[in-house]
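The values are calculated or read from the model by the stated rules, or taken from the named source; none is laboratory data. All values derive from a computational prediction rather than experimental measurement. Here the Cβ positions follow ideal geometry from the backbone for every residue, glycine too, while neighbour counts run over all protein chains shown. Note: areas computed on protein heavy atoms with side chains; ligands, DNA, RNA excluded. Shrake-Rupley method; radii C 1.70, N 1.55, O 1.52, S 1.80 Å.
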Amino acid sequence: VQLVESGGGSVQAGGSLRLSCVASGRTFSSSAMGWFRQAPGKEREFVAAISWNGGSTSYEDSVKGRFTISRDNAKNTVYLQMNNLKPEDTAVYYCAARRTFGILTNQADFASWGQGTQVTVSS
């Protein structure tokens with residue numbers, strides 16, 4: 001499956017962005033999806049995940065209450081709504097997919113990755 005992210009950009013602290021990730025193919029509705037991010041000089045880290053039907057979600061502690069992951073299986077799209085952004089949220093954000101009827105949070109478990117979209121938050 002091919003994944004294409006969009007929606008990144010530059011915002012001031014406290015602002016909001018919504019990232020989108022569109023998947024090709026017919027397996028999206030049976031795939032777990034995740035968002036990860038990589039800041040300059042740091043390793044890629046988990047941000048949020050959602051199960052195949054949206055029934056389960058998981059978040060990294062620092063984004064809980066600020067970020068919301070959701071999906072629209074009719075549009076083959078997963079979203080990441082990011083509110084109250086902070087400078088430490090600055091990173092390249094990647095979406096990932098794996099065909100499974102569960103929820104995944106470990107990046108090693110994901111099979112497909114997008115190219116990433118840059119999010120820059122200024123103070």
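Some observations on this one:
- Summed over region 87-110, the residues that are among the small types (Gly, Ala, Ser), at pLDDT 95 or above and exposed (fewer than 12 other Cβ atoms within 10 Å of the Cβ) give a count of 1.
- Single unsatisfied condition, Phe101 versus (1) in contact with a helix residue (DSSP H, G or I) (Cβ under 7 Å, 6 or more places away or on another chain); (2) part of a strand (DSSP E or B); (3) aromatic (Phe, Trp, Tyr): (2)
- Residue count for region 4-62 under the criterion of being among the acidic types (Asp, Glu) and closer than 22 Å to Thr100 by Cβ: the result is 3.
- All conditions but one from (1) touching a helix residue (DSSP H, G or I) at 6+ places or on another chain (Cβ under 8 Å); (2) loosely packed, with under 15 Cβ neighbours inside 10 Å; (3) among the polar types (S, T, N, Q); (4) under 21 Å from Phe28 (Cβ atoms) apply to Asn76; the one that does not is (2).
- Thr120 meets the conditions (1) surrounded by fewer than 18 Cβ atoms within 10 Å (Cβ to Cβ); (2) not in a strand (DSSP E or B) in every case but one. The failed one is (2).
- Of the numbered criteria (1) part of a strand (DSSP E or B); (2) of a type outside the set (Gly, Ala, Ser); (3) at positive phi, the one Asn84 fails is (1).
- In region 38-58, the residues that are assigned to a strand (DSSP E or B), out of contact with any Ser or Thr (no Cβ under 8 Å at 6 or more places or on another chain) and open to solvent by 30 Å² or more (accessible area, probe 1.4 Å): Gln38, Glu45
- Region 1-37, residues that are in a strand (DSSP E or B), under 15 Å from the mean Cα position of the chain (by Cα) and hydroxyl-bearing (Ser, Thr, Tyr): Ser6, Ser20, Ser31
- Lone unmet requirement of (1) small (Gly, Ala, Ser); (2) assigned to a loop (DSSP other than H, G, I, E, B); (3) open to solvent by 40 Å² or more (accessible area, probe 1.4 Å) for Ser62: (2)
- Members of region 1-37 that are surrounded by 16 or more Cβ atoms within 10 Å (Cβ to Cβ) and polar (S, T, N, Q): Ser20, Ser31
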